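Please treat every number below as a calculation from the coordinates, not as lab data. None of the values given here were measured: they were computed from a predicted structure. Heads up, the Cβs are rebuilt from the backbone with ideal geometry, glycines too, and the neighbour counts pull from every protein chain shown.
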Amino acid sequence: MDSQHWRAVITAAQAGDRRALDELVEGWLPLVYNIVGRALNGHADVDDVVQETMLRAVGNLASLRDPDSFRSWLVAIAMRQIRDRARRKTPDRLEEAAASDFAELTVLRLQLEGQRREVAEAVRWLDDEDRHLLSLWWLEVAGELTRRELAAAVGITRQHAAVRVQRMKERLETSRGIVRALDGACPDLREVTGRWNGRPDSVWRKRLARHLRGCGYCGGTREAVVPAERLLVGIALVPLPVGFTLSLALGGKTAAAATSAATSVGWSAKLLGALTKPAVAMTAGATIVAGGAYVVTQSPDAPPPRAAVTPTATAGSAPPRTSAPPAPTPKSSPSATKKTDPYGTVVDAVDRAPDPNARPAALPRRPESGITSTGGPRAVMQHRGDSVTLTGRGYVLVRWQISPGSRPGGLVMPSWTGLKGRLFHVASGGSRRMDDPLPGAPNGYATGMGGPDIGYAVLPPGTQQMWQNEYFYLDGTVTLTQNERGCDYGLAVFPSNRDAVDKDINQGPAQGALRYGLVRDTGTDSAPVPQYVTRATPADPATVPQRSRV
């Protein structure tokens, strides 16, 4: 919409028009989400920072003297919240993983390909300060911000902003070269990245940049490199996740106290009437569903509504869902699930391999009526995004095939999503762990995780080491998705039964295998839960947190 329209909307919202306030929040939330999401690269704090930004904007709207400056004012608030979040980071949170990689979300939701995809993925390699600046510059070249607004948001002059942007672009181009090289087949680079855990950081950026400068294979390009600003022109904003929830809680004040405070800054009684109820703290929640938005009010102590309110869809959006509440956000995690439906313990720490001659414990018996699979009796998942949905009551075998010989590096684990019912990790078999030595193995392999000649598959920190065969027990329905992005791997998924599991784990050294299997099932609800599992159904299953203690 044009600036004249937004001037009218902002003026009406300041005067207490509830619909205008709804439209203002709905219209500008995507811009804030893109700035914060890209600046923090999808960190778990994104939702909180977006919410705090919109809360402050709504709470201080009456102080805005010129509606034409609303966009720069809002962006400046967002950048302050991003900087405040950086200052609040404590040492134990520095290594906290992202809730959803925003670079990956950008690629998937905007369907970027070629060099546009390369630019989006290169963002991962930037330091925080550069990524914060890029979050604004990206929107500038896409036509969503002006250079004046960028400079004002950062708090520097336009001349200084030009210098900062140029330096950031140089590091972005270096990072693009790294993305291209990692997608290539340079044998020397495989050796360099043999011990890399797959997580981009400044140390590895410098190491890989040194390799690129001295490598004829990686230094050459098979196509002309288009400047990033030309690639980003006209790219749309990344859409909000379906079910994204924004709760605008205007403090813990009573309505009378809040009314007094608001009146002092010029808010009208009409707007206060829309946002408050007598003698309760003010709470306004805005939920975006399939492109639409609505704002509801309720007392913090009031019971949740029995049915979801259906928003009015905006022009060009998908029709809103009417039969079910909005889907949970990708931020949902097993730790949140355990609070309301406690069972099992997440396997979230690397365990020591048992002695090869140690017999497994007895495998408990669980009820079996059989498992149906959308992939049939043997589903093979070789590529990112492949999935299979399993339904029923019984055992499931997930067989691993890791291929660092094709592409080594960080291994992005598969995820279990949309869980309804219960899912347990009951046993490990296949006669070996994937990190067991493989004497005489061909093609440079030292273990199933790779070797010095071909590079290694590296697990995310805190990840449980998988075995060749991993067995699970399902009572309900769940979808398993292959999330390959770093190291190459494949999964084969078979409905199974207890007898087959028991036979596998009890095959030992007498049959020439490396080791007996391992029983994890306790026979009760305290059996371990798969590490990357959620009851939510995110648009991109790779957004299930890839970290320990999830």
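Say each of Gln507 and Thr11 gets a label point 7 Å from the Cα, pointing the same way as Cα to Cβ; how far apart are those two points in nm?
For the pair Gln507/Thr11, the computed spacing is 7.8 nm.
For the pair Arg378 and Val225, what calculated FRET efficiency results from E = 1/(1 + (r/R0)^6), where r is the Cβ-Cβ distance and R0 = 35 Å, to the nearest 0.05?
0.20
Starting from the Cα-Cα distance between Arg65 and Gln465, subtract it from 0.36 nm times their residue separation and give me the gain in nm to one decimal. Intermediate values should be presented prior to the final figure.
Values: separation 400, 0.36 × 400 = 144.00 nm, distance 5.85 nm.
Gain on extension, Arg65 to Gln465, equals 138.2 nm.
Roughly how many whole Å is it from the C-alpha centroid of region 13-52 to that of region 121-151?
17 Å
With θ set to phi - 60° and the Karplus curve 6.51 cos²θ - 1.76 cosθ + 1.60, what are the ³J(HN,Hα) couplings of region 54-61 in order, to the nearest whole Hz, using x for Gly and Pro?
Karplus values, whole Hz, x for Gly and Pro: 5, 4, 5, 5, 5, x, 10, 4.
Starting from the Cα-Cα distance between Thr522 and Thr389, subtract it from 0.36 nm times their residue separation and give me the gain in nm to one decimal. Present the calculation step by step, with values, prior to reporting the outcome.
On the way: separation 133, 0.36 × 133 = 47.88 nm, distance 2.53 nm.
Extra length available between Thr522 and Thr389 comes to 45.3 nm.
What fraction of the Cα pairs in region 128-195, stated in percent, has a spacing above 16 angstrom?
Pairs farther apart than 16 Å: 55 percent.
Restricting the calculation to Cα positions, tell me the Rg (one decimal) and the Dmax (whole number) of region 112-225 in Å.
Looking at region 112-225, its Cα Rg and Dmax stand at 15.6, 46 Å.
For Val529, what residues show an amide H to amide H distance below 5 Å, using hydrogens built from the backbone and excluding near sequence neighbours?
HN-HN under 5 Å from Val529: Thr345, Val346, Val347, His425.
Which value in nm describes the separation of the simple spin-label points at Arg148 and Thr477, placed 7 Å from the Cα toward the beta carbon?
Rounded to a tenth, the inter-label distance reads 5.5 nm.
Report, in cubic angstrom per residue, the convex hull volume of the C-alpha atoms of region 344-423. If you can, show how the numbers build up before the last one.
Numbers: hull volume 14.1 nm³, N = 80.
Enclosed volume per residue, from the Cα hull, is 176 Å³.
Calculate the spin-label point distance for Asp499 paired with Arg199, positioning each point 7 Å from the Cα along the beta-carbon direction, and give it in nanometres.
That separation, rounded to one decimal, is 4.6 nm.
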